1. Take Ala49 and tell me if it is modelled with pLDDT of 95 or more, buried (at least 23 other Cβ atoms within 10 Å of the Cβ) and over 30 Å from Phe199 (Cα atoms).
2. State all residues of region 219-250 that are in contact with an Asp or Glu (Cβ under 8 Å, 6 or more places away or on another chain), farther than 29 Å from Gln386 by Cβ and assigned to a loop (DSSP other than H, G, I, E, B); if no residue qualifies, say none.
3. Assess whether Met230 counts as being closer than 13 Å to Ser44 by Cα and open to solvent by 10 Å² or more (accessible area, probe 1.4 Å).
4. I'd like to check something: does region 386-399 contain any residue that is surrounded by fewer than 22 Cβ atoms within 10 Å (Cβ to Cβ), farther than 20 Å from Ile250 by Cβ, at pLDDT 90 or above and β-branched (Val, Ile, Thr)?
5. Name the residues in region 94-115 that are among the hydrophobic types (A, V, I, L, M, F, W, C) and open to solvent by less than 10 Å² (accessible area, probe 1.4 Å), would you?
6. Does any residue in region 290-315 that is on the phi < 0 side of the Ramachandran plot and among the polar types (S, T, N, Q) come within less than 7 Å, Cβ to Cβ, of a residue that is outside any strand (DSSP E or B) and modelled with pLDDT of 95 or more six or more places away or on a different chain, and which pairs are these?
7. If Thr426 satisfies all but one of (1) under 24 Å from Phe281 (Cα atoms); (2) open to solvent by 40 Å² or more (accessible area, probe 1.4 Å); (3) at pLDDT 90 or above, what's the number of the condition it fails?
8. Could you list, in sequence order, the residues of region 173-202 that are at pLDDT below 90, of a type outside the set (A, V, I, L, M, F, W, C) and buried (at least 17 other Cβ atoms within 10 Å of the Cβ)?
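The values are calculated or read from the model by the stated rules, or taken from the named source; none is laboratory data. Remember, it's a predicted structure, so these values are computed and weren't measured experimentally. Heads up, the Cβs are rebuilt from the backbone with ideal geometry, glycines too, and the neighbour counts pull from every protein chain shown. Ligands, DNA and RNA are stripped out before the accessible areas are found, and what is left, the full protein with its side chains, is counted by its heavy atoms. Shrake-Rupley method; radii C 1.70, N 1.55, O 1.52, S 1.80 Å.
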Amino acid sequence: MKFFRLLTPLLLAIVAVLCFAPAAWAFCGFYVAKADTKLYNKASQVVIARDGDRTVLTMANDFQGEVKDFAMVVPVPTVLQKEQVRVAEPKIVERLDAFSAPRLVEYFDSDPCAQVYNENLPQAAPRPAASLESGSTRGRDASLGVTVEARFNVGEYDILILSAKESGGLETWLKRNGYKIPRGAKQLLQPYIRSSMKFFVAKVNLDKFEKSGYQFLRPLQISYQSPKFMLPIRLGMINATTEQDLIVYILSPQGQAEITNYRTVKIPSNTNIPLFVKDEFGEFYKSMFQTIYTKEDRKVGFLEYAWDMGSCDPCSADPLTQEELKQAGVFWLDDNSASNVPVRPGFRRPFPRSNVFISRLHVRYTRDKFPEDLMFQQTANSESFQGRYVLQHPFQGELKCQAGREYKRSLPKRFEQEAQTLAKLTNWKIQDIRNKMKLSVGNLTYSWWETLFSWLGL
């Protein structure tokens, strides 16, 4: 039986977007690609909906293997009863992923020879505005110091809530009861026992799983009240052989959430990159993330998205409806939520700010760089941010006016700047980038003197 990696590793085409005028919308353009969790072979996802000391935690597992081998052991701050545990639909996590994923957008230069060219000269990409049976039966193994605080099943899962006096006894109890946990568990269990945490233990009821008709294990969702705003990740490192990716979606009625015991850094964003990246966006984002991850000494959490859930710009997926937000654990919504307002096809939701703010945090961690569990805090910062990368297409028509000739001479320098930016972000070789860019320039041609003068800045 395989030990499931903690709480997250333990659980652990083109869409046009119209540009909206008011200043609250800082972006416009065309969304063309997103960097969602499908980029990673193993990326655990956790949704945390929290207001005050009340939390709804949804754990989307990335378990691979026979269902009979699945097991999950998650430290929790309190004893949970059956009514505090439910099975969620994977689609909700997928929706949050799609909505908040880093994205690629396109802009197209207008004709510099048009009469209104002073208003339409190519602009840098816009910047974001600030802005079995139920019950609580107890059992006790005096020799091991383990107490079964609660036992019940939910959906296709058999659930136990355990408390323990010492980690060796808990490790032995788990092994005796068929949980094949790996070596090293004793050491990592001990800190949770010292802090009086309980253990949420789940495995699959095979009969119920077969009757359910589901092909994959569904996420488990737990609700509890505790002043601790944290996510235990250390158990997920027990049998990890490589770095692990964790995506945390934090939903709050306030503003951005951040990690308090490690630095939270914004992912590089709002940069113009060469046009060929449109066909290689996944590889670009993975390379860029690895580069900044290494630069930050592999011990920070990255903010990939922060936005009011009532809107998006550009939209890589529609905002979640009120019903979807409730399924994601948001318990503070009222019936007049703006997310229920109907929207005409082709238009973004024109409603005011909602009372749900999403922060997407991406942590890539190893045991040596992340020796502590993740601790969070909510803030009042409601500034919008997204990982956003821009393709700026040059104008492809005839350029016979003086402004057109000047525009044409400016392009090689612009292309080189895009190449340098891409090389810096990804550590790709600059000459390889330049070679690929020749395929994306289109029918633009330059005389030798125009190219020379452009490079000289003349």
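1. On the way: modelled with pLDDT of 95 or more: yes; buried (at least 23 other Cβ atoms within 10 Å of the Cβ): yes; over 30 Å from Phe199 (Cα atoms): no.
The answer is no for Ala49.
2. Correct list: Ser226, Pro227.
3. Values: closer than 13 Å to Ser44 by Cα: no; open to solvent by 10 Å² or more (accessible area, probe 1.4 Å): yes.
The answer is no for Met230.
4. For region 386-399, residues surrounded by fewer than 22 Cβ atoms within 10 Å (Cβ to Cβ), farther than 20 Å from Ile250 by Cβ, at pLDDT 90 or above and β-branched (Val, Ile, Thr): present.
5. Step one: of region 94-115, the residues among the hydrophobic types (A, V, I, L, M, F, W, C) are 96, 98-99, 101, 104-105, 108, 113-114.
Correct list: Leu96, Phe99, Ala101, Leu104, Val105.
6. Thr291/Leu425; Thr291/Thr426; Thr291/Asn427
7. For Thr426, the exception is condition (2).
8. Within region 173-202, Tyr179 is the sole residue that qualifies.
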